[in-house]
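Structure first, commentary second.
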Amino acid sequence: MTTMMPPKSPLAQPATMESGASILGTYKRAPMTFVKGDGVELIDTNGKKYLDLASGIAVNALGYGDAGIRRAVVEALDTGVIHVSNLYRSEPGEELARVIARNSFAKSVFFCNSGAEANEGAFKFARRWGRTVGSDAKTGILALRGSFHGRLFASLAATDRPSYRAPFRPLAGGISICERDLHVLDAALDSETIAALILEPVQGEGGVRVLEKSLIQQLRRLTEERGIALIFDEIQCGLGRLGTFFAYESFGVIPDVVTLAKPMAGGLPMGAILVAPGIAATIKAGDHGTTFGGGPFVASVALEVVRRIAEPSFLANVRENGEWFGETLRGIAKHTGKVRAIRGMGYMWGLDVVEKANDVIERGWEAGILVISAGDHTLRLLPPLVMTREELAKGAVLLEQILA
């Protein structure tokens, strides 16, 4: 008698990963492996040093081996309390919220673990507020062409990257992307159905595109007049990167909600949602939650980072060096003839190049410099905020070499 074997599941396919590779292949990784960091340089397994103009995608604002971060980590570990959950109070998170509130328009802060989480939470808060002050129809979220707000379902629906969106449809409903055009937005910003407009004042993944100050100010006027919340996604461009503590300070407006993440806890996962008093008043216990957000360990490190970045002299240095770096990049464009456009401010710059950005990036690995892309033909430069003018100058020399 023949024993019938059960059919194989279509999911039970043989592994095709590289030998020893167990991380899911959602990223195309560079070939080198970093084992150490020092100042503004990363060091690989062969001892080769790389000047870092990427900062872990705008995360490592204070560079590598920072004494203040090390001290904060050790002191936090010495308490023996890494996690307690948000069922209980812990002083580091509450003090961090007070520091952020003192430096912003907000009176309330919600902590989470990432930028995408922050934007998802911001959408929930905006809808809760919209229903409270309006009706059940006031739930729509508008985002702008060129936006990137994350890869979870609601934040992905607000992200203008067709290749990111297509494999995961259907995405969250009630979220639309509009052109960066005042007339289009004027028609779309309906006070009865739209709860919030979200924008990045500098679109990072979208090519380091600095939105026009006049456009942002007009959008603030329209949203105020129509009772629509204005959300600033400052996950990449906030916390000092533009030379102001918050990016909104560089554009002369005050939003209703700000989302933060990347540099906040010195490389540890942390995000935040800052909300104006009127929105905070509509949020009730149980409306949102997080197991790990704002835990005592990450909050202790974030306190060190946030206090340092908030210092006026620190921010002035970013502004002054950023202006100098921008002029230097424009000189490189003129010398090489290999750059079609330059955009940015502070320590956040994009260069449209005449070849594929990845070709330049790979030449950078050989030359010992790390830059990243923001599209097929755009180089993105996000140096640590502690990078000196001399170190920026070294980066400019290496950049000119790999462009030429």
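A few points about this structure:
- Single match in Glu391, Glu355 (criterion: under 16 Å from Ala61 (Cβ atoms) and more than 19 Å from the chain's Cα centre (by Cα)): Glu391
- Residues of the range 327-347 include none that is among the basic types (Lys, Arg), crowded, with 22+ Cβ neighbours inside 10 Å and closer than 19 Å to Ala58 by Cβ.
- In the range 92-111, of all residues being closer than 18 Å to Asp256 by Cβ and not small (Gly, Ala, Ser), the one that is modelled with the lowest pLDDT corresponds to Lys107.
- Candidate set from the range 60-103 (those that are hydroxyl-bearing (Ser, Thr, Tyr) and surrounded by fewer than 16 Cβ atoms within 10 Å (Cβ to Cβ)); member that is farthest from Ile273 (Cα to Cα): Thr79
- None of Val305, Val275, Val298 is buried (at least 23 other Cβ atoms within 10 Å of the Cβ), within 28 Å of Leu392 (Cα to Cα) and among the hydrophobic types (A, V, I, L, M, F, W, C) except Val305.
- Of all residues in the range 219-233, those that are closer than 17 Å to Val184 by Cβ have Cβ atoms under 6 Å from Cβ atoms of residues that are surrounded by fewer than 17 Cβ atoms within 10 Å (Cβ to Cβ), 6 or more apart or on another chain, in Arg226/Ser191.
- Of the numbered criteria (1) within 21 Å of the chain's Cα centre (by Cα); (2) farther than 18 Å from Ala396 by Cα, the one Gly322 fails is (2).
- Among the numbered conditions (1) among the charged types (D, E, K, R); (2) more than 30 Å from Val275 (Cβ to Cβ); (3) part of a loop (DSSP other than H, G, I, E, B), the only one that Glu391 does not meet is (3).
- When the range 227-241 is filtered for residues that are surrounded by 24 or more Cβ atoms within 10 Å (Cβ to Cβ) and out of contact with any Leu (no Cβ under 9 Å at 6 or more places or on another chain), only Cys237 remains.
- Subset of the range 30-47 that is in contact (Cβ under 8 Å) with a residue 60 or more places away in the chain and not in a strand (DSSP E or B) - its residue that is nearest to Ala61 (Cα to Cα): Val40
This table checks each residue for (1) in contact with a Pro (Cβ under 9 Å, 6 or more places away or on another chain); (2) part of a strand (DSSP E or B).
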residue	(1), (2)
Gly206	no, no
Leu215	no, no
Arg221	no, no
Glu225	no, no
Leu230	yes, yes
Gly238	yes, no
Thr244	no, no
Glu249	no, no
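- Among the residues of the range 37-47, the ones that are of a type outside the set (Asp, Glu), surrounded by 12 or more Cβ atoms within 10 Å (Cβ to Cβ) and farther than 25 Å from Leu239 by Cβ come to 1 in all.
- When each of Ile369, Ile309 is tested for being within 30 Å of Val109 (Cα to Cα), among the β-branched types (Val, Ile, Thr) and touching a Leu at 6+ places or on another chain (Cβ under 6 Å), the lone residue that passes is Ile309.
- Subset of the range 25-55 that is more than 12 Å from Ile369 (Cα to Cα) and of a type in the set (Val, Ile, Thr) - its residue that is modelled with the lowest pLDDT: Thr26
- When the helices (runs of 4 or more DSSP H) confined to the range 56-165 are screened for residues that are farther than 30 Å from Ile369 by Cα and touching a residue at least 12 places away in the same chain (Cβ under 8 Å), those reaching at least 3 such residues are found at 67-78, 91-102, 115-133, 153-157.
- Flag for Leu303 being in a helix (DSSP H, G or I), out of contact with any helix residue (DSSP H, G or I) (no Cβ under 6 Å at 6 or more places or on another chain) and either within 17 Å of Ala54 (Cα to Cα) or assigned by TED's automatic domain parsing to the domain that holds Val202 (or both): no
The values are calculated or read from the model by the stated rules, or taken from the named source; none is laboratory data. Treat the numbers as computed from the prediction; the structure is a model and nothing was measured. Quick reminder, even Gly has a Cβ in these numbers, built from the backbone with ideal geometry, and neighbours come from all protein chains shown.
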